[in-house]
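Before any comments, here is the structure.
Read the figures in this text as sums done on the coordinates, not as results from a lab. Just so we're clear, the structure is a prediction, and the values are computed from it rather than from any experiment. Note: ideal-geometry Cβ built from the backbone for every residue, glycine included; neighbour counts use all protein chains shown.
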Amino acid sequence: MKNIVIFSQKKQGKILENVDGILIGIHNLSSCFPYTYSLDELCILLQKNPQIEFFVALNKNILNHELPLLKDTLQKLKTFPIKAILYYDLAVLQISKKYHLDIPLYWAQEHFTTNYLTANYYQNEGVEGILISADIMKQEIDEIRKNTTMKMIVPVFGYLPIFVSRRRLIQNYQKTFDIKEKDDVYFLRKENKRYPIIENEHGTNVFSAHILNAASIYSQLKQEKVEYALLNGSFIDENVFMKIIDLFKILDEKDSSEVENKIEELCLENTDTGFLFRDTIYKIKK
Amino acid sequence: MVELLAPAGDLERLKWAILYGADAVYCGGPTLGMRANTTNFTLEELKEGVLFSHQRGKKVYVTVNVVLHNEGIDTLESYLKSLEEIGVDAIIVSDPAIMDVALKTTKLHVHISTQQSTLNKEAVQYFADKGVSRIVLGRELSKENIEDIIKHTNIEIETFIHGSMCASYSGRCVLSNFFTGRDANRGGCAQICRWDFALENYKGRYIKGDKPFTFCTKDLSLLKYIPEMIDMGITSFKIEGRMRSVYYIATVVGIYRKVIDSYLHNLENYQYNKNYERILVNCANRESTPQFFHDIYDETCQYYNGRMEVSNQDFLGVVLDYNKETKIATIEQRNYFKKGDFVEFFGFDDKMISYTLDEIYDENMCMIEVVNHPKQVVQIKVKEPICAYYLMRIKRY
């Protein structure tokens, strides 16, 4: 299993020396990335790091006026040595098919990638891989693995995207109450938990309060031949993230609970295992 | 002819929606629908609802729009076939695998749910190419966006015209999962977007406005723009609210029915009735705006009042029966009312009867002054003929 990462900051520092791949967002076409890149910047990164597998997330909800940009970007990316494009909006799939772009695509509708039937549907559509939802249990991930040959990316570390809006909710609040403050990242506080919230001209994204720490299932995922583990460094100090990447690298040699505890320590005890071992409620009885 | 599509949280509300002028209703079946805490229909109830609707020339669409998990896969095909056997007119799905199974194994029409957040002509065309009948567009689109999609695709388009808004793109919010453990994409949404939060900067300093931060948005209302939306060629106008009361359903459906009909019957001389707008605002008890239709989604669309939602008290009772000879209406109470109140009876026809309550009788025809017990049945003399399914509300305007 290879480790792919989302950078903790725009300058990658030494992170690229220690990972197999990266997942990046592109200006105006990506959601839930604190930092996005231009195609020119991506091009430079690709040239400098030929050993790294590059995944590009075009995971924004697309509006009609953005279709020309999307088409143009897809056509350019076709010529780049990237591993795959992760998509949310079906326009990405439709344009790829319509113009026979033949780019490897990964289905990445973050809360919808929850079953193998839909994974296989998209595989029949020519889609190569799936970014597994962080909202499902470990046993569901196992079932998907057993029932599809799609390549799988499973989130194992990081803050999780939990809300995407077209509305600029921070700006709306600040305008209403005449608050003049500009920051890259804010936090929503509720019941002593802090949820990172970011905003750009395309809307607002909110992330989980706790950092997913799935070190305990990492070895199992590897045994089950999951292709990629995703470590999201967003809102994490670069030095801490570097250490965490190292810890995931030595998971095979070390006891997973030891690694899990070290990660917990590094993240100031703000981690959990998300929904890997607890199901959500979906039948409310009256 | 444009379709008016109403929510039906249960069989009772299905009937109210149809009687008050909906051309079609959408409702959840026993499984895989997106409203876990409505009283979803059993297959038997669906059958009765379909029969009731079809007898009146109306349609029933069933939501099968949850995010599919592995555990729902085995029973999916048989469930879809049972919906086909019942005779539902279409299913509303968000998951393309459900679409695929439905199209391959049944003759059901398939509509793509707003949960998929279909917002552009390429995505619309993707689903059109697969053979679905209709797309329910995402709510983030402007008039120009919708026009562009209709112009460049050849498929039925459905848009929301009234009701609550998600603060997020539909399907991209799991606040409920993380705050309460209730799965937003499997019908458990706990409306966390209406909660208040403290907003902090990176250093933990409180960013303080006069009211707390919230995602909460005002409701959607496009009543004023119905004529231009009809002219745009939208196939179906959808009203949100499967969990709303019969009063809400009857009021909102009835008013949109009147507006649609009055425009279609009088294209040249149609005039907007401001009174309808006032009734709708009062009925929902929340402010509304055209939202994205005018490409405005700024601070004017947000709710920062930090208030508790207060339930509407205007709805006084349901007419169970009317005796034409004695002119006595039998009414089931829904909110407190009393002798001397100025009330209005309205039904699914155009009739509205304003009336001061001079005499109220209990079930034994003993005169009473106040009606203050939930679902209390009383008798009231109403000189003009009304009938069952009429509603009684406080007359405000």
Requested in this report: Just rank B:Phe52, A:Phe163, fewest to most, by other beta-carbon atoms within 10 angstrom.
Outcome: B:Phe52, A:Phe163
Query raised in the report: Kirkwood Rh, Cα Rg: Rg to Rh for the stretch B:114-159?
Result: 0.90
Query raised in the report: Anyone know which of B:Asp129, B:Asp295, B:Asp74 comes out most mobile in the 10 Å Cα GNM of chain B?
Result: B:Asp74
Requested in this report: Compute the distance in nm between two label points, each set 7 Å from the Cα along the Cα-to-Cβ direction, one at A:Asp237 and one at A:Gln220.
Outcome: 3.2 nm
Query - Considering only chain B, percent of DSSP beta bridges that pair antiparallel, nearest 5 - result: 55 percent
Report task. Calculate the dipole size of the stretch A:161-207 relative to its Cα centre from +1 charges on Lys and Arg beta carbons and -1 charges on Asp and Glu beta carbons; express the result in debye to the nearest 20. Result -> 160 debye
Report summary line: Taking B:Asp219, B:Asp341, B:Asp183 and counting other beta carbon atoms within 10 angstrom, the fewest-first order is B:Asp341, B:Asp219, B:Asp183
Query raised in the report: If you take the charge dipole of the protein assembly as shown about its Cα centre, with +1 on Lys and Arg Cβ and -1 on Asp and Glu Cβ, which of B:Phe337, B:Ile386, A:Ile62 is farthest toward its positive end?
Result: B:Phe337
**Report entry** ³J(HN,Hα) computed for each position of the stretch B:40-47 - Karplus, 6.51 cos²θ - 1.76 cosθ + 1.60, integer Hz, glycine/proline x
**Finding:** 4, 6, 7, 4, 5, 5, 4, 4
Requested in this report: Using only alpha carbon pairs under 8 Å that are at least six residues apart, calculate the relative contact order of chain B and give it in whole percent.
Outcome: 14 percent
**Report entry** Leading residue at positive end of dipole, the stretch B:3-301 (Cβ point charges), from B:Leu223, B:Ser113, B:His54
**Finding:** B:Leu223
Query raised in the report: Counting only DSSP beta bridges with both residues in the protein assembly as shown, what percent are antiparallel, rounded to the nearest 5?
Result: 45 percent
Report task. Report the residue, chosen from A:Gln123, A:Gln174, A:Gln220, that carries the largest GNM mean-square fluctuation when chain A is represented by alpha-carbon nodes joined by springs under 10 Å. Result -> A:Gln174
Requested in this report: Using only the Cα atoms of the stretch B:315-394, construct the convex hull and provide its projected area averaged over every direction, in square nanometres to one decimal.
Outcome: 4.4 nm²
Query raised in the report: Near B:Lys211, which lysines are there with a Cα under 25 Å away, not counting those fewer than 8 places off in the same chain?
Result: A:Lys175, A:Lys180, A:Lys182, A:Lys190, A:Lys193, B:Lys203
Requested in this report: State the antiparallel share, in %, of DSSP beta bridges confined to chain A, rounding to the nearest 5.
Outcome: 30 percent
Query raised in the report: In whole Hz, what ³J(HN,Hα) sequence does the stretch B:147-158 give by Karplus (6.51, -1.76, 1.60; θ = phi - 60°), x for Gly and Pro?
Result: 4, 5, 5, 4, 5, 9, 10, 10, 8, 5, 10, 10
Report task. Quick one: compute the contact order of the stretch B:315-394, relative version, from alpha carbon pairs under 8 angstrom and 6+ residues apart, as a percent. Result -> 44 percent
Query raised in the report: Out of residues 5 or more away from B:Gly171 or on other chains, whose amide H comes under 5 Å of its own, with H placed 1.01 Å from N in the peptide plane?
Result: none
Query - Residue among B:Val2, A:Ala214, B:Thr63 farthest towards the positive dipole end of the protein assembly as shown, charges placed on Cβ - result: B:Val2
Report task. Apply the Debye scattering formula to the stretch B:3-301, with a single equal point scatterer on each alpha-carbon and no solvent, then give log10 I(q)/I(0) at q = 0.07, 0.08, 0.09, 0.10 Å⁻¹. Result -> -0.27, -0.35, -0.44, -0.55
Requested in this report: For B:Lys339 and B:Asp362, compute 0.36 nm times the residue count separating them, minus their Cα-Cα distance, and round to one decimal in nm.
Outcome: 7.0 nm
Requested in this report: Please order A:Glu227, A:Glu260 by the number of other Cβ within 10 Å, starting at the fewest.
Outcome: A:Glu227, A:Glu260
Report summary line: Rounded to the nearest 500, the 222 nm mean residue ellipticity computed for chain B from DSSP H runs (n ≥ 4, each -39500 (n - 2.57)) alone is -8500 deg cm²/dmol
Query - Cα-centred dipole magnitude for chain A, charges only on beta-carbon of K, R (+1) and D, E (-1), debye, nearest 20 - result: 800 debye
Report summary line: Among trypsin sites (Lys or Arg not before Pro) in the stretch B:2-79, those in a DSSP loop whose Cβ has at most 13 other Cβ atoms within 10 Å are B:Arg56
Requested in this report: Using only the Cα atoms of the stretch A:123-211, construct the convex hull and provide its projected area averaged over every direction, in square nanometres to one decimal.
Outcome: 8.3 nm²
Report summary line: In degrees, nearest 10, the alpha-carbon axis of helix B:96-105 is tilted away from the dominant principal axis of the alpha carbons of chain B by 80 degrees
Report task. Round to the nearest 10 and give me the degree value, 0 to 90, for the angle of helix B:274-284's Cα axis relative to the longest principal axis of chain B. Result -> 80 degrees
Query raised in the report: GNM, chain A, Cα, under 10 Å: largest mean-square fluctuation among A:Ile85, A:Ile170, A:Ile44?
Result: A:Ile44
Report summary line: Candidate cut points under GluC sites (Glu not before Pro) in the stretch B:260-343, DSSP loop plus at most 12 other Cβ atoms within 10 Å of their own Cβ, are B:Glu268, B:Glu309, B:Glu325
Query raised in the report: Near the amide H of B:Thr289, under 5 Å away, which other amide H atoms are found, from residues 5 or more places off or on another chain, if H is placed in the peptide plane?
Result: B:Asp219, B:Leu220, B:Ser221
Report task. Can you tell me the dipole magnitude for the stretch B:315-394 around its Cα centre, using point charges on the Cβ only (Lys, Arg +1; Asp, Glu -1), in Debye to the nearest 20? Result -> 100 debye
Report summary line: Stokes-Einstein D for chain A (25 °C, 0.890 mPa s, Kirkwood Rh from Cα pairs), in µm²/s, comes to 125 µm²/s
Report summary line: Taking Cα atoms, the helix B:246-264 axis meets the longest principal axis of chain B at an angle in degrees (rounded to 10) of 80 degrees
Query raised in the report: Taking one equal scatterer on every alpha-carbon of the protein assembly as shown, how large is log10 of I(q)/I(0) by Debye at q = 0.06 1/Å?
Result: -0.37
Query raised in the report: Using the scaling law 2.2 N^0.38 Å as the reference, what is the normalised Cα Rg of the stretch B:1-108?
Result: 1.01
Query - Overall Cα dimensions of the stretch A:161-207 - principal axes, largest extent first, Å - result: 26, 22, 16
Query - Average beta carbon contacts from partner chains per residue of A:66-74, 10 Å cutoff - result: 1
Report summary line: In order over the stretch A:116-132: 3J(HN,Hα) from phi, Karplus 6.51/-1.76/1.60, θ = phi - 60°, whole Hz, x for each Gly or Pro, gives 7, 5, 6, 4, 5, 4, 5, 4, 5, 7, x, 7, 8, x, 9, 8, 5
Requested in this report: Run the quick spin-label model on B:Thr326 and B:Gln271: label points 7 Å from Cα toward the beta carbon, then report their separation in nm to one decimal.
Outcome: 4.2 nm
Query raised in the report: Amide H to amide H, which residues 5 or more places from B:Phe215 or on other chains are under 5 Å from it, using H placed in the peptide plane?
Result: B:Trp195
Report summary line: Expressed to two decimals, the stretch A:1-92 has a Cα Rg over Rh, using the Kirkwood radius, of 0.95
Query raised in the report: Mean shadow of the stretch A:62-206, computed from the convex hull of its alpha carbons, in nm²?
Result: 11.3 nm²
Query - Mean separation of Cα contacts under 8 Å, 6 or more apart, over the residue count of the stretch B:202-319: relative contact order % - result: 45 percent
Query - Partner chain coverage, peptide B:134-145 - average Cβ within 10 angstrom - result: 2
